[in-house]
Amino acid sequence: MKKFILLIISAIFLLSGTSVQDETVTLSVKPTVFHLSELPETVEVTMVNNTNETISAGLHYWIECYENEKWVRVSPEQSFEDIGYNFSPSVFFTYEKDLFVEQIDYKVGRYRIVKYYLKPDDQETKAAFNIYAEFYVR
């Protein structure tokens, strides 16, 4: 009977169209393409914890541009409150991030927003894991 119930639950899950996420933390921005003449002041960036453990992240971020086959930091120096927010498994958080359109000389190209997070077992070593949300300026 237990096997039958598990089979039904598995079938419902598969038929629901829910994709199985790999064990990662993701960062995304929407839309992913902006027109140079219409760059918004801010964008919404969503961070999702697809792992099985609680992670910690703050408000910090920076912007990079892909130039000469490497990523170069282009955002101005910023300061953030040093607060670590905990993200349980399957939890997401949407941030509003400044694109610094007055400080960054945007050109047509490839950009990304960079954030980092900490895993619970790395709290003592403070090993940071970067995540990226790419976008394009056309």
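Bear in mind that the values in this text are calculations on the coordinates, not laboratory data. Predicted model, so just to flag it, every value in this text is computed and none were measured. In this analysis, Cβ positions are derived from the backbone assuming ideal geometry, glycine residues included, and neighbour counts consider all displayed protein chains.
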Once you keep just the Cα pairs under 8 angstrom separated by 6 or more residues, what percentage relative contact order results for segment 29-94?
42
In debye to the nearest 20, the charge dipole size for segment 21-137, taken about the Cα centre with +1 at each Lys and Arg Cβ and -1 at each Asp and Glu Cβ, equals 240
For the residue pair E77 and T94, what label-to-label distance in nm results when each label sits 7 Å from Cα along the Cα-to-beta-carbon direction?
3.4
Just to verify a number: FRET efficiency for T24 and E69, C-beta to C-beta distance, R0 = 41 Å, to 0.05?
0.95
Taking a quarter of the surface of the Cα convex hull of segment 21-137, what do you get in nm²?
7.9
Segment F129-K107, extension gain: residue separation times 0.36 nm, minus the distance between their alpha carbons
5.1 nm
